[in-house]
Structure formats: structure tokens, C-alpha cells
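The values are calculated or read from the model by the stated rules, or taken from the named source; none is laboratory data. What you see is a predicted model; the values in this text were computed from it and never measured. Cβ coordinates were reconstructed from backbone atoms using ideal geometry, including for glycine residues, and neighbour counts include every protein chain displayed. Only protein heavy atoms, including side chains, enter the accessible area calculation; ligands, DNA and RNA are left aside. Shrake-Rupley method; radii C 1.70, N 1.55, O 1.52, S 1.80 Å.
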Amino acid sequence: MSAEEKYNQIAEHLKLTENVTKGSMFGAKCMKINRKVFAMFYQDEMVFKLPPEKHQHVLSLEGAHLFEPMPGKKMKDWVSVPHQEIWEELAKTAMIFLSK
């Protein structure tokens, strides 16, 4: 399954179960809850707005990094993750974090 197919699968699943809506941010596909973006698909990776207690753990994973939509403009609360096998778990974590 391609990275974009995996993103779409997760978005459809969350849309059906948690009142998630789809949108765009920085020209990329994203998922929102309560009009707040919690995850997006950007350059074959998923990017998540994570709670502080998960942030450092996820950044310690190989290949994970702070999201940088433009060179020199890192977004401190957003982590870009290349590992598809944990995308759904992180999407749910981010969704719960922003649904409060």
C-alpha cells in the first residue's frame, strides 16, 4: 500500500467513527476535529500535532523530525513520521489531544 493510500484509509476510518473532517493545510491533505488540524499527509509522510508527553518519544524514532513546511520554519508542536505502521495510532492520539 502506498503512503497516500494508507493516509486515505486512516482518514476514512476516523471520518466514519469520530466525526473527523477532511481539509487542506499548506496545500496538503489534512484531517480536522472541531475545525482544528491534527494530522496531515505531506511528502509521503504523515505529520501529527502531538501532546507534549508523546512529542519527544516520537521524535526519538528513526526518521521522525519536526515538521518544516519551509526551510528554517520548523513547527515545534508538529512531528513528521515516515513509519506507516504507527500512523493510525498517532492520528488517534493527535485527534484526542485536539478534541479536548
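Of all positions in segment 4-19, at least one carries a residue that is open to solvent by less than 50 Å² (accessible area, probe 1.4 Å), of a type in the set (Lys, Arg) and under 13 Å from the mean Cα position of the chain (by Cα). Residue pairs whose Cβ atoms lie under 6 Å apart, sitting 6 or more positions apart in sequence or on different chains, and linking a residue in segment 24-50 that is in a loop (DSSP other than H, G, I, E, B) to a partner that is surrounded by 20 or more Cβ atoms within 10 Å (Cβ to Cβ), are 50/79; 50/94. Could you please give the count of residues in segment 90-100 that are more than 10 Å from the chain's Cα centre (by Cα) and open to solvent by 30 Å² or more (accessible area, probe 1.4 Å)? Total meeting the criteria: 4.
Name the residues in segment 31-54 that are more than 12 Å from residue 98 (Cβ to Cβ), under 8 Å from the mean Cα position of the chain (by Cα) and open to solvent by 10 Å² or more (accessible area, probe 1.4 Å), would you?
The one that is more than 12 Å from residue 98 (Cβ to Cβ), under 8 Å from the mean Cα position of the chain (by Cα) and open to solvent by 10 Å² or more (accessible area, probe 1.4 Å): 41.
Consider segment 1-23. How many of its residues are among the polar types (S, T, N, Q) and not in a loop (DSSP other than H, G, I, E, B)? Going through segment 1-23 one residue at a time, the tally reaches 4.
Working carefully through the options 16, 66, find the one that is farther than 16 Å from residue 90 by Cβ and either without any contact (Cβ under 8 Å) to a residue 40 or more places away in the chain or of a type in the set (Gly, Ala, Ser) (or both).
Details: 66 fails: farther than 16 Å from residue 90 by Cβ.
Result of the check over 16, 66: 16.
If you go through segment 55-87 and pick out every residue that is open to solvent by less than 50 Å² (accessible area, probe 1.4 Å) and either closer than 16 Å to residue 20 by Cα or part of a helix (DSSP H, G or I) (or both), you end up with 5.
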